[in-house]
Amino acid sequence: MTRLVAVSMLAWLRGSRGLVINAPSALGKKSTAADVIATIKPDLSGKIAIVTGGNSGIGVETVKALASAKCKVILACRNVAAGKAAREDMYRRYDIDVEELDLNDLASVKRFADRVADVDLLVLNAGIMALNKKELTVDGFEKQIGVNHFGHAYLTRLL
């Protein structure tokens, strides 16, 4: 699950600050986000990252990897209690804030964006799939495209 994050993170790290990093051949399609950070050893001090859905699955690995590189991470999730529990269980030594963001509701996306002052890295990880029946977002979109695409697109535009 973390392999996709590793590839995305490697691509971002290669382009950040105009650097081109020749990654060792040890990094590849089986590399995890932690492998990339351990190999490249970026110093993300002073950088701020937002990770949507950072309280479970691939988001957890992304948050841990970025935070281990001294990046301040905003864990954006619809269930703040779950986000705080994840932070307490796994990230005690890192600089991680938990903020409410419900991609099912564009007003929630707007409120979140209004609270965020700066961002250097935006990881659009949250999503839903395989709904058993047709469901709609608060704004009337089909839920899967509304959450996975429209919510993230609106967040990106606002930031």
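The values are calculated or read from the model by the stated rules, or taken from the named source; none is laboratory data. Since this is a predicted model, take the numbers as computed values, not measurements. We place every Cβ from the backbone using ideal geometry, glycine too, and count neighbours over all the protein chains shown. Accessible surface areas use protein heavy atoms only, side chains included; no ligands, DNA or RNA. Shrake-Rupley method; radii C 1.70, N 1.55, O 1.52, S 1.80 Å.
General observations
- Among residues of the range 85-99, those that are assigned to a helix (DSSP H, G or I) and either under 15 Å from the mean Cα position of the chain (by Cα) or without any contact (Cβ under 8 Å) to a residue 12 or more places away in the chain (or both), counted: 4
- Single match in ASP95, ASP35, ASP105, ASP89 (criterion: open to solvent by 20 Å² or more (accessible area, probe 1.4 Å) and either in contact with a His (Cβ under 7 Å, 6 or more places away or on another chain) or within 23 Å of GLY151 (Cα to Cα) (or both)): ASP105
- Members of the range 116-134 that are of a type outside the set (A, V, I, L, M) and open to solvent by 60 Å² or more (accessible area, probe 1.4 Å): ASP118, ASP120, ASN132, LYS133, LYS134
- Whichever residue in the range 100-146 is of a type in the set (S, T, N, Q) and part of a helix (DSSP H, G or I) and, among such residues, is nearest to ALA81 (Cα to Cα): SER108
- Consider the range 32-61 and keep the residues that are in a helix (DSSP H, G or I), without any contact (Cβ under 8 Å) to a residue 60 or more places away in the chain and among the β-branched types (Val, Ile, Thr). The one that is nearest to ALA117 (Cα to Cα) is VAL60.
- Taking the numbered list (1) loosely packed, with under 15 Cβ neighbours inside 10 Å; (2) outside any loop (DSSP other than H, G, I, E, B); (3) over 14 Å from the mean Cα position of the chain (by Cα) in turn, THR156 passes all entries but (3).
- Test result for VAL7, part of a loop (DSSP other than H, G, I, E, B), out of contact with any strand residue (DSSP E or B) (no Cβ under 7 Å at 6 or more places or on another chain), surrounded by fewer than 19 Cβ atoms within 10 Å (Cβ to Cβ) and modelled with pLDDT under 50: no
- Residue within the range 127-136 that is in contact (Cβ under 8 Å) with a residue 40 or more places away in the chain and among the charged types (D, E, K, R) present: no
- Per the conditions (1) of a type outside the set (Gly, Ala, Ser); (2) more than 29 Å from ASP35 (Cβ to Cβ); (3) surrounded by fewer than 17 Cβ atoms within 10 Å (Cβ to Cβ); (4) at pLDDT below 95, the sole criterion not satisfied by ARG78 is (3).
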